[in-house]
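The values are calculated or read from the model by the stated rules, or taken from the named source; none is laboratory data. Predicted model only: the values in this text are computed from it and were never measured. All Cβ positions, glycine included, derive from the backbone under ideal geometry; neighbour counts span all protein chains shown.
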2 protein chains.
Amino acid sequence: MSARSEHDADTRRAAEWVRDSLTTAGLTAEIIDTAGHPIVLGEWHGAPARPTILIYGHYDVQPAEPLELWDSPAFEPTIRDGRIYARGSVDDKGQLFLHVKALEAHLKVRGTLPVNVIVLAEGEEEVGSEHLEQFIRDHADRLKCDAVVISDSAMFAPGQPSILSSLRGMAYFQIDVQGPATDLHSGSYGGAVVNPAMALARILATFHDDEGRIAIPGFYDQVRPFPDAVRAGMRALPFDESHFRDEVGAPALGGEAGHTVLERLWTRPTCEVNGLLSGYTGEGAKTVLPAKAMAKVSCRLVPDQDPQEIERLMKAHVARVAPSGVTVTVNHLHGGRPWRADLEGPLFDAARRALAEAFGREPVIVGEGGSIPVVGDFQNVLGAPVLLVGFGLPGENAHAPNEWLSAENFETGMRAMARLYDEYGRA
Amino acid sequence: MSARSEHDADTRRAAEWVRDSLTTAGLTAEIIDTAGHPIVLGEWHGAPARPTILIYGHYDVQPAEPLELWDSPAFEPTIRDGRIYARGSVDDKGQLFLHVKALEAHLKVRGTLPVNVIVLAEGEEEVGSEHLEQFIRDHADRLKCDAVVISDSAMFAPGQPSILSSLRGMAYFQIDVQGPATDLHSGSYGGAVVNPAMALARILATFHDDEGRIAIPGFYDQVRPFPDAVRAGMRALPFDESHFRDEVGAPALGGEAGHTVLERLWTRPTCEVNGLLSGYTGEGAKTVLPAKAMAKVSCRLVPDQDPQEIERLMKAHVARVAPSGVTVTVNHLHGGRPWRADLEGPLFDAARRALAEAFGREPVIVGEGGSIPVVGDFQNVLGAPVLLVGFGLPGENAHAPNEWLSAENFETGMRAMARLYDEYGRA
């Protein structure tokens, strides 16, 4: 529970447990302090002629509350119906641990590893990985590797191994509209003064066309289409839209015309309102002409969109459509680049073979609508390709009570990763 | 301070003071309890052959806080620079009192009045006049009259007597947009789920065209144009738009094309956003796809628009433009009819003569963008025309610290009202 300072000692104990597990497995391991929660580094460099894999995971977890909604204690792993229930079972202690155990198996059986290995376990993933990028930069020599492997995601369906091909980036804005100097009486002034909340609504309404396409000029200029093969693979996935709609609980789905639900989530950028605030929001009626209105607006980005360029386009567009009579300010609060795996080369070939072997089924390529900024950091700072291969399952309750990891996936995932090291070492 | 129950005893003392003033003036007077603050009724029926005027005013006031911003005590009337500073000086104790003193002058000098008089002073005007309409209905026989006179408004400019010709009505709505069942992660779901805040913005953006006209079909069907003479008179008023803009503090004014600022405020309906709320509104960035979004929207109405008809049009329009993927609900929270004086007949003729005589200048016809529902109640229940003639001035700080009434207007207003009774009695 990295978010809660009263659990700092627990978080440290988790780091010590990871370090000890790595040592038990046969790696050298140490805890390295940061300005936040410590980083655990495990190393094995016994195969100088072979490539080096960096395995990244995190030992911190989301708070377990509300505890009363757990059917078994959050911090006592309990197996029921083939599931390992515990906070962190899937996100990400369990998935990190299956790598550690795969390494241990190699070392116990053969006394050696088919690749050199660095295990980097951080304790701040759930609170924004604030110190990780600097750590990677500061220790770039020590972290030098040929490939990065991360297991912190889910499979598309039970029994269906999956490789994550992309993450969306982000450009998060706050738009402030200032009209009159103070709130005014909507009777005495209404009709002759531009209403900032209405002005904001009219600005927001220009962000999409009637087909759900983003209508900010230039917005799609940097979008690099996904390869046809990847799109075809996504279209072939057995995805049940009506089940998805039921899960969402909306009367219908929506989005950009001409794309499937999965394409909208994984391969297309968005422009969403995350928050709105203006004037009177309590019960009943108050006849105020508000002085100001605010919207939080964020764009999810796909390769090769750049948050800074999107900021420039957004600001230019808003300036163009803003009505006179109000002052509109756009602030870029937060940005992150999108990421896409190239899905080719020895790392991905090895992963395909390892997963197919362990699960008895060819892996599928999936995307992810969210953002994991550290993936780009690893790739950019270390110059190594990143493989995202996870063993969670839909409905796994990550971040919620009764989080679970499939016991079968834990075992098969462990076998797959042990195989991955072999396949990659042989490449 | 009718809004604060800790001042109920003070409010009652004010009622007693009004009753005693009416008695001193020579009327019979009594306090009549309601479910809220009491109503003071003064009566003089000594001229059976003459018409009856009902003078309405209110003895309750807005809270005086923040007291430290007053330059002299809020409840000790203080004359500085020709202004009577006190809470209620203009709104409405002072304006009610000048009628009482005008009646007293008649009775002291002549021993009689030129008309029969009913003075109705309520104590709940500042909290919505909740019990007044029922009181008027319950006492319709006793309140039977030929004309209603209300002094609770302002003159257009110093030295310029003014008759208020219209009040806008109101239809106040809450629009709720429900999308997914719960807030969602904007990364995992964004792009495939209709965003209710964006849907709300797009709905609101359909309420006006690019010329500032309300684009809800049928919205203007019941609007009865103001007479050309009234519009011409308004256009001839010496109104300084740049001064108004400075007062408002907005970078520019706005509104419906083809109308002056005063026409927009007084003669044209509006559709305003009074409040917006959705999703995350705190500091910084939170990547939520909100489950719902809410807007408060109110329309100011002009004769002969009807709040129920506007509700019907609004609901039909919203149902037509609402996108699929969300459920939109429109609730009509509160409505009130617009009002317009016909400005003809003996009451208005008498008022014009009395004001011209007292102020040495012909009165102008002004409008009011706000709503005073009791005006319609008097007119509808008692069947008598209502004259709105007030003696406040721009900048009078009604509802604010350092509220004032021009001492000259108090005296001249008193003379004008004494004259009005004469003129109307003679009619």
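Remarks
- Hits in the stretch A:210-257 - residues which are on the phi > 0 side of the Ramachandran plot and either in contact (Cβ under 8 Å) with a residue 60 or more places away in the chain or more than 22 Å from the chain's Cα centre (by Cα) (or both): A:Gly212, A:Gly218, A:Gly249
- A:Ile175 being touching a helix residue (DSSP H, G or I) at 6+ places or on another chain (Cβ under 7 Å), outside the structural domain of A:Leu120 (by TED's automatic domain parsing) and surrounded by fewer than 24 Cβ atoms within 10 Å (Cβ to Cβ): yes
- For the criterion of being assigned to a loop (DSSP other than H, G, I, E, B), at the interface with chain A (Cβ under 8 Å from one of its Cβ atoms), under 14 Å from A:Val194 (Cα atoms) and of a type in the set (A, V, I, L, M, F, W, C), B:Ala250 passes.
- Just one of the numbered conditions (1) buried (at least 22 other Cβ atoms within 10 Å of the Cβ); (2) in contact with a strand residue (DSSP E or B) (Cβ under 9 Å, 6 or more places away or on another chain) is not true of A:Val61: (2).
Every residue, every condition in (1) hydroxyl-bearing (Ser, Thr, Tyr); (2) within 20 Å of A:Glu408 (Cα to Cα); (3) in contact (Cβ under 8 Å) with a residue 40 or more places away in the chain, yes or no:
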{"position": "A:Gln62", "(1), (2), (3)": "no, no, yes"}
{"position": "A:Thr78", "(1), (2), (3)": "yes, yes, no"}
{"position": "A:Gly88", "(1), (2), (3)": "no, yes, yes"}
{"position": "A:Val177", "(1), (2), (3)": "no, no, yes"}
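- Test for B:Gly345: is it surrounded by fewer than 22 Cβ atoms within 10 Å (Cβ to Cβ), over 30 Å from A:Arg300 (Cα atoms) and touching a residue at least 12 places away in the same chain (Cβ under 8 Å): yes
- Tally of residues being crowded, with 19+ Cβ neighbours inside 10 Å and part of a loop (DSSP other than H, G, I, E, B) across the stretch B:85-119: 10
- When the stretch A:1-23 is filtered for residues that are among the hydroxyl-bearing types (Ser, Thr, Tyr) and either more than 16 Å from A:Lys101 (Cα to Cα) or surrounded by 14 or more Cβ atoms within 10 Å (Cβ to Cβ) (or both), the ones remaining, listed by number, are A:Ser2, A:Ser5, A:Thr11, A:Ser21.
- Filtering A:Gly169, A:Gly94, A:Gly159 for residues that are small (Gly, Ala, Ser) and at positive phi leaves a single hit, A:Gly159.
- Qualifying residue in the stretch B:326-340 (condition: farther than 25 Å from A:Lys286 by Cα and not assigned by TED's automatic domain parsing to the domain that holds B:Val149): yes
- Leading residue by the ranking (surrounded by the fewest Cβ atoms within 10 Å (Cβ to Cβ)) among those in the stretch A:181-216 that are in contact with a helix residue (DSSP H, G or I) (Cβ under 6 Å, 6 or more places away or on another chain) and more than 7 Å from chain B (Cβ to nearest Cβ): A:Thr206
- Residue that is in a helix (DSSP H, G or I), at pLDDT below 95 and away from chain B (no Cβ under 13 Å), where the choices are A:Phe348, A:Phe378: A:Phe378
- Of the strands (runs of 3 or more DSSP E) lying entirely inside the stretch A:1-84, those containing at least 3 residues that are closer than 18 Å to A:Ile136 by Cα, in the same structural domain as A:Val389 (by TED's automatic domain parsing) and not acidic (Asp, Glu) are A:28-32, A:39-44, A:52-58.
- Residues in the stretch B:135-182 that are farther than 24 Å from A:Tyr189 by Cβ, of a type in the set (Val, Ile, Thr) and at pLDDT 95 or above: B:Ile136, B:Val148, B:Val149, B:Val177.
- Filtering the stretch B:303-324 to residues that are within 13 Å of another protein chain (Cβ to nearest Cβ) and out of contact with any strand residue (DSSP E or B) (no Cβ under 7 Å at 6 or more places or on another chain) leaves B:Val321, B:Pro323, B:Ser324.
- Selected residue (only one of A:Gly336, A:Gly275 is small (Gly, Ala, Ser) and modelled with pLDDT of 95 or more): A:Gly275
- Qualifying positions in the stretch B:253-279 - in a loop (DSSP other than H, G, I, E, B), more than 17 Å from B:Gly169 (Cβ to Cβ), of a type in the set (Val, Ile, Thr) and facing chain A (nearest Cβ under 8 Å): none
- Residue within the stretch A:325-335 that is away from chain B (no Cβ under 14 Å) and assigned to a loop (DSSP other than H, G, I, E, B) present: no
- Test set (1) under 30 Å from A:Ser242 (Cα atoms); (2) small (Gly, Ala, Ser); (3) not assigned by TED's automatic domain parsing to the domain that holds B:Pro307 - B:Ala201 fails condition number: (3)
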